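The values are calculated or read from the model by the stated rules, or taken from the named source; none is laboratory data. Every value quoted in this text rests on a predicted model; they were computed, and no experiment measured them. Note that each Cβ is placed from the backbone with ideal geometry, even for glycine, and that neighbours are counted across all protein chains shown. Remember, those area values only see protein heavy atoms, side chains included, never the ligands or the DNA or RNA. Shrake-Rupley method; radii C 1.70, N 1.55, O 1.52, S 1.80 Å.
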Amino acid sequence: TLSYKTVSANAKTVNKQWVVVDAQGEILGRLSSKIAMIIRGKHKPEFTPNVDCGDNVIVINADKVKLTGNKFSEKQYVSYTGYPGGQKFISPKELMAKHPTRV
């Protein structure tokens, strides 16, 4: 007889691996979606939502990622310190010049 039981992963059965992703020439949003899927573990057949079954990701050439359209100069990243007047805006162009890995 065939048994079609659902296999749920747990902390003991999870096999976490290191994945190296090359970001050179990739579009930022699409690459982020792929990386998020790998970190969450949704690419694995034994994916279980309540268990950390995702892999660890290393991104190389992060400074060579592409943004489509005019987003490189017009998009704004917003950060807030929590204090009055502590809201800061920075464009991807300025962020690439200071910290290329944070984009």
Looking at Thr13, Thr48, Thr68, which is the one that is within 30 Å of Pro100 (Cβ to Cβ), among the hydroxyl-bearing types (Ser, Thr, Tyr) and either assigned to a loop (DSSP other than H, G, I, E, B) or at pLDDT below 95 (or both)? Thr68
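So that you can scan it fast, the table gives a plain yes or no per residue for (1) of a type outside the set (D, E, K, R); (2) within 12 Å of the chain's Cα centre (by Cα):
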site: Asp55; (1), (2): no, yes
site: Ala62; (1), (2): yes, yes
site: Thr68; (1), (2): yes, no
site: Ser79; (1), (2): yes, no
site: Glu94; (1), (2): no, no
site: Ala97; (1), (2): yes, no
Hey, Val59 hits all of (1) open to solvent by 100 Å² or more (accessible area, probe 1.4 Å); (2) of a type outside the set (Phe, Trp, Tyr); (3) out of contact with any Lys or Arg (no Cβ under 7 Å at 6 or more places or on another chain) but one; which does it fall short on? (1)
If I go through segment 46-103 residue by residue, how many of them are among the hydroxyl-bearing types (Ser, Thr, Tyr) and either under 20 Å from Trp18 (Cα atoms) or touching a residue at least 24 places away in the same chain (Cβ under 8 Å) (or both)? 3
Here's a check for you: in segment 16-42, which residue that is in contact with a helix residue (DSSP H, G or I) (Cβ under 6 Å, 6 or more places away or on another chain) and part of a loop (DSSP other than H, G, I, E, B) is most open to solvent (accessible area, probe 1.4 Å)? Gln24
